[in-house]
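One structure below.
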Amino acid sequence: MTTAVPPEDPPARVGLSRTAAGRPVPSAWERARARLRLEDPFVGWTACIAVALLALFLRLWHLGTPHIFEFDETYYAKDAWSLLNFGYERDSTEKANDLILNGTTLQGVFKDSPEMIVHPEVGKWLIALGIKAFGMDPFGWRVSAAVVGSLMVLVMCRFARRITGSTMLGVVAGLLLSLDGLQLVLSRLALLDIFVAFFILCGVHCIVADRDWHRGRLARLLPPPEQVTSGWGPVRGLLFRPWLLLGGLCWGLALGTKWEAIYPLAAFGLMCWIWSAGARRSFGVRWSLPKSVLTDGIPAFVHLVLVAAVVYLATWTGWMMHAHQYEEHLSATQYTHYEGGKDWPTRTEPDASGLGEVTQSMRSLWYYHQDVYAFHTHFLNDSTHTYASKPSGWLLLNRPVGVAADTGIKPGSQGCDAPAGSDCLRQVLLLGTPTIWWGGCLALLLALAMWVGARDWRFGVAVVGVASTWLPWLQYDDRPIFLFYIVTALPFVVLALVLAMGKLIGPSPGPSRRRTLGVVASGAFVVLTLMNFAWFWPIWTNQLLTHGEWLDRIWFSRWI
């Protein structure tokens, strides 16, 4: 088992420092490479893939049950099916759900008018891929989420492996992610949140990988360590940054799933610039922070923000191809009602052709975005929901969401063995694994202390990741929002946990009392999490429970 290496030192000129014996101190890039070289590629990848396959098995198990539309599946599954058949989301009839569940998937299901969708289309197209492969039924519309949720576990393994330098900690990170109830249930539902969480994690992973790439590239382009770097440092060889280009693609897909991805994109975009400036400073560049705005900030902005914007716009291609439908039916909706605006000007304009038609469709898309924003910021303010919760308590699992329930099952029916006078029930509850979230809160406090006090950038990834995916929701706590939105912060909660484990175990490869105690404490936490997962498994997967067994798992009245 390999363990985390010490954090990179932040001296002004790492490459110029020497040990007492006169040997040069390894540069930041050399330490980054050392973290990655500790791994046997076959062992590392085999272990990570094994954890992802375990996650896939858990997510595919009885995936088609319950045979109903669970929670907001009633929107996204039908939207996905409509995209497959019509190229855009059509409104559905009142009996659409019953018709689909009985095997009628088109006749009488959809109206001719478009639906007022409030999220972009990427996640719905991914759901559509599963429907295309397996049919318009619960398994078909959930299978894409199961696959992406399992891939998220694989990415988590590699992400934590890169940051900690430990194959074992990377595998533990993936295992913890796979054992979380929120991640499990969302991977078994046709909702959008598992897709945006996956793309955000991929985007952050690319930015962290670019940090290592950038430092390595600087080391190769700079003069020997004995020379002081003056001026701005290398520029030409760093204009194209492949990891950031891939990151821009991931961020564009994240934004094309749900707009909430814009906050972590902004936060980690700033982190990318700060890391780049720190790399230049470590090689002797003075005033590296302002200089890095031009040398690194602008290229990073192009790779991340502009590429993401182009990808995001491309995800609306289907909408723009049918813009005339939206202009005709939905050009006087939320924005007009709440902001005092007028109908879209494109509604009454003559249809253009060629490039003019593209421009006209893009203008209609802009007006539509205004309507969607008004829906989220005005229309929902007048709404209430039984399972709505305040984001201030999400990390503590303040209010889970019941997405399906079959209650009042009498003894002797459907396998119910409850005593006389009682009954049984089945439930699917969107609730995180308590050990992960409650332990993660403590780990985040340690991460904040290590980032600020010890200037360890790795803990900063966890802190910024949670802050950028959680804190923005506080400004929307006057409208119905739900606990499962915090799944985007889960990978960074898990990262904080494994970084804390790395601190407990220590960097020394040899046996020691600290290492023994650290391994025992970390192992005990993983075992406790596994037991916690097994205990809550029935209320995550629609299992039959007596009323008493169900109450044993509902630890607080606010969980009902």
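Residue check: is A32 modelled with pLDDT of 95 or more and in a helix (DSSP H, G or I)?
In short, no.
Which condition number in (1) surrounded by 17 or more Cβ atoms within 10 Å (Cβ to Cβ); (2) in a helix (DSSP H, G or I); (3) within 23 Å of the chain's Cα centre (by Cα) is the one that I481 fails?
Among (1) surrounded by 17 or more Cβ atoms within 10 Å (Cβ to Cβ); (2) in a helix (DSSP H, G or I); (3) within 23 Å of the chain's Cα centre (by Cα), the lone unmet condition for I481 is (2).
Residues L245, L239, L249, L253: which one is farther than 17 Å from V463 by Cβ, touching a His at 6+ places or on another chain (Cβ under 7 Å) and touching a residue at least 40 places away in the same chain (Cβ under 8 Å)?
L245
In the stretch 133-141, is there at least one residue being under 30 Å from P41 (Cβ atoms), surrounded by 16 or more Cβ atoms within 10 Å (Cβ to Cβ) and at pLDDT 95 or above?
Within the stretch 133-141 (the criterion being under 30 Å from P41 (Cβ atoms), surrounded by 16 or more Cβ atoms within 10 Å (Cβ to Cβ) and at pLDDT 95 or above), the answer is no, since none of the residues qualifies.
How many residues are in a loop (DSSP other than H, G, I, E, B) and either exposed (fewer than 15 other Cβ atoms within 10 Å of the Cβ) or of a type in the set (A, V, I, L, M, F, W, C) (or both) when one looks only at the stretch 412-429?
Number satisfying all stated conditions: 11.
Can you tell me how many residues within the stretch 277-287 are assigned to a helix (DSSP H, G or I) and either in contact (Cβ under 8 Å) with a residue 40 or more places away in the chain or touching a strand residue (DSSP E or B) at 6+ places or on another chain (Cβ under 9 Å) (or both)?
5
Please indicate, with yes or no, whether at least one residue in the stretch 374-389 is more than 33 Å from the chain's Cα centre (by Cα) and surrounded by 15 or more Cβ atoms within 10 Å (Cβ to Cβ).
No, the stretch 374-389 contains no residue that is more than 33 Å from the chain's Cα centre (by Cα) and surrounded by 15 or more Cβ atoms within 10 Å (Cβ to Cβ).
Would you confirm, using the coordinates I've provided, whether N532 is in contact with a strand residue (DSSP E or B) (Cβ under 6 Å, 6 or more places away or on another chain) and open to solvent by less than 50 Å² (accessible area, probe 1.4 Å)?
Answer is no for this residue.
Considering only residues that are open to solvent by less than 10 Å² (accessible area, probe 1.4 Å) and farther than 22 Å from R458 by Cα, which ones fall in the stretch 259-284?
Within the stretch 259-284, G284 is the sole residue that qualifies.
What number of residues within the stretch 384-438 satisfy the criterion of being β-branched (V, I, T) and under 22 Å from I194 (Cβ atoms)?
Selection size over the stretch 384-438: 6.
Just give me the residues in the stretch 145-188 being part of a loop (DSSP other than H, G, I, E, B), in contact with a Lys or Arg (Cβ under 6 Å, 6 or more places away or on another chain) and closer than 24 Å to F482 by Cβ, in sequence order.
Matches in the stretch 145-188: S187, R188.
Pairs under 6 Å by beta carbon, first residue under 17 Å from L530 (Cβ atoms) in the stretch 171-189, partner of a type in the set (F, W, Y) and crowded, with 24+ Cβ neighbours inside 10 Å, six or more apart or different chains?
L182/F484
All but one of (1) open to solvent by less than 50 Å² (accessible area, probe 1.4 Å); (2) out of contact with any Ser or Thr (no Cβ under 9 Å at 6 or more places or on another chain) hold for R455; state the number of the condition that does not hold.
It is condition (1) that R455 fails.
In the stretch 390-402, which residue that is in a helix (DSSP H, G or I) and open to solvent by 30 Å² or more (accessible area, probe 1.4 Å) is nearest to I560 (Cα to Cα)?
Step by step, filter the stretch 390-402, then rank; the result is L396.
Do the conditions hold for L83, that is, is it at pLDDT 90 or above and open to solvent by 40 Å² or more (accessible area, probe 1.4 Å)?
When the stated conditions are applied, L83 does not pass them.
What's the total number of residues in the stretch 304-332 that are more than 22 Å from W273 (Cα to Cα), open to solvent by less than 20 Å² (accessible area, probe 1.4 Å) and not in a loop (DSSP other than H, G, I, E, B)?
Selection size over the stretch 304-332: 5.
Looking at the structure I just gave you, is L182 open to solvent by less than 10 Å² (accessible area, probe 1.4 Å), farther than 23 Å from V51 by Cβ and within 19 Å of the chain's Cα centre (by Cα)?
So L182 does not fit the description; no.
Find all pairs meeting these conditions: Cβ atoms under 6 angstrom apart; at least six residues apart or on different chains; first residue within the stretch 373-388 and touching a residue at least 24 places away in the same chain (Cβ under 8 Å); second residue open to solvent by 50 Å² or more (accessible area, probe 1.4 Å) and assigned to a helix (DSSP H, G or I).
A374/Y335; A374/Y338; H378/Y338
Looking at V487, V493, V498, V527, which one is modelled with pLDDT of 95 or more, in a helix (DSSP H, G or I) and surrounded by fewer than 17 Cβ atoms within 10 Å (Cβ to Cβ)?
So the residue among V487, V493, V498, V527 that is modelled with pLDDT of 95 or more, in a helix (DSSP H, G or I) and surrounded by fewer than 17 Cβ atoms within 10 Å (Cβ to Cβ) is V527.
Among the listed residues L218, L238, identify the single one that is at pLDDT below 95, touching a Phe, Trp or Tyr at 6+ places or on another chain (Cβ under 7 Å), open to solvent by less than 40 Å² (accessible area, probe 1.4 Å) and over 28 Å from A374 (Cβ atoms).
Unique residue meeting the criteria: L218.
Given the conditions (1) out of contact with any helix residue (DSSP H, G or I) (no Cβ under 6 Å at 6 or more places or on another chain); (2) closer than 23 Å to T315 by Cβ; (3) buried (at least 19 other Cβ atoms within 10 Å of the Cβ), and given that G256 satisfies all but one, which numbered condition is not satisfied?
(1)
On the basis of being touching a Cys at 6+ places or on another chain (Cβ under 9 Å), of a type in the set (V, I, T) and closer than 27 Å to L189 by Cα, does T407 make the cut?
When the stated conditions are applied, T407 passes them.
Residues H329, H337: which one is modelled with pLDDT under 85, under 23 Å from E115 (Cβ atoms) and touching a Pro at 6+ places or on another chain (Cβ under 7 Å)?
Of H329, H337, the one residue that is modelled with pLDDT under 85, under 23 Å from E115 (Cβ atoms) and touching a Pro at 6+ places or on another chain (Cβ under 7 Å) is H329.
Please verify whether P511 is open to solvent by 60 Å² or more (accessible area, probe 1.4 Å) and either in a loop (DSSP other than H, G, I, E, B) or within 30 Å of H376 (Cβ to Cβ) (or both), treating the condition exactly as stated.
Considered against the rule, which asks whether it is open to solvent by 60 Å² or more (accessible area, probe 1.4 Å) and either in a loop (DSSP other than H, G, I, E, B) or within 30 Å of H376 (Cβ to Cβ) (or both), P511 comes out as yes.
Mind telling me which of the residues C272, C250 ends up being among the hydrophobic types (A, V, I, L, M, F, W, C), under 24 Å from Y88 (Cα atoms) and part of a helix (DSSP H, G or I)?
So the residue among C272, C250 that is among the hydrophobic types (A, V, I, L, M, F, W, C), under 24 Å from Y88 (Cα atoms) and part of a helix (DSSP H, G or I) is C250.
The values are calculated or read from the model by the stated rules, or taken from the named source; none is laboratory data. This one's a predicted model, so the numbers in the text were calculated from it and none came from an experiment. Please note: Cβ atoms are built from the backbone with ideal geometry, for glycine as well, and neighbour counts cover all protein chains shown. Ligands, DNA and RNA are stripped out before the accessible areas are found, and what is left, the full protein with its side chains, is counted by its heavy atoms. Shrake-Rupley method; radii C 1.70, N 1.55, O 1.52, S 1.80 Å.
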